[in-house]
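**Student:** Have a look at this one.
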Amino acid sequence: MKHVVLAGLVLAASGVISNAGAQTVDAKAVYDANCKKCHGVAGTPPKAMTAMFPKIAAFDAAFFAKRSNDSLVKILTNGKSVQMTSFKSKMTPAEMAAVAKYMRAFAK
């Protein structure tokens, strides 16, 4: 229990938990830097990626009907396969959550 409280204090002191001074994540920039190469500008994978990875996801209404933002963050955190590896060393949890929300606009 002491470790949990201590971890909470450290996170609060670092500003991770606090809303004070929180910065807005530029989800488009994070998506462009980490996802666009494989999943395309608007969630439609380029033909070259589809040829290399036939099961690559297109971010359309059917894709989002089966997935919550939390499940998208889980995939970004843990990866899904050898081709879709974890992004936890490349994105913060806040960036992953922002990207998951940003991606939903592709279904419209």
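The values are calculated or read from the model by the stated rules, or taken from the named source; none is laboratory data. Note that the structure is a prediction, hence the values are computed from the model and not measured. Quick reminder, even Gly has a Cβ in these numbers, built from the backbone with ideal geometry, and neighbours come from all protein chains shown.
**Student:** Can you tell me which residue in region 39-58 is surrounded by the fewest Cβ atoms within 10 Å (Cβ to Cβ), limited to those that are over 27 Å from GLN23 (Cα atoms) and not aliphatic (A, V, I, L, M)?
**Tutor:** It comes out as PRO54.
**Student:** Checking the conditions here, which among ASP32, ASP60, ASP70 is within 15 Å of ARG104 (Cα to Cα), modelled with pLDDT under 95 and acidic (Asp, Glu)?
**Tutor:** So the residue among ASP32, ASP60, ASP70 that is within 15 Å of ARG104 (Cα to Cα), modelled with pLDDT under 95 and acidic (Asp, Glu) is ASP60.
**Student:** Go through (1) at pLDDT 95 or above; (2) surrounded by 12 or more Cβ atoms within 10 Å (Cβ to Cβ); (3) on the phi < 0 side of the Ramachandran plot for PHE106 and report which single condition fails.
**Tutor:** (1)
**Student:** Here's a check for you: in region 81-102, which residue that is out of contact with any helix residue (DSSP H, G or I) (no Cβ under 7 Å at 6 or more places or on another chain) and part of a helix (DSSP H, G or I) is surrounded by the most Cβ atoms within 10 Å (Cβ to Cβ)?
**Tutor:** ALA94
**Student:** Among all residue pairs at least 6 apart or on different chains, which show Cβ distances below 8 Å where the first residue, located in region 65-94, is within 15 Å of ALA33 (Cβ to Cβ) and the second is of a type in the set (D, E, K, R) and outside any helix (DSSP H, G or I)?
**Tutor:** Sorted first by the residue in region 65-94, then by its partner, the pairs are LEU76/LYS88.
**Student:** Looking only at residues that are of a type outside the set (D, E, K, R) and in contact (Cβ under 8 Å) with a residue 24 or more places away in the chain in region 45-64, which one is farthest from LYS90 (Cα to Cα)?
**Tutor:** Checking each candidate, the answer is ALA61.
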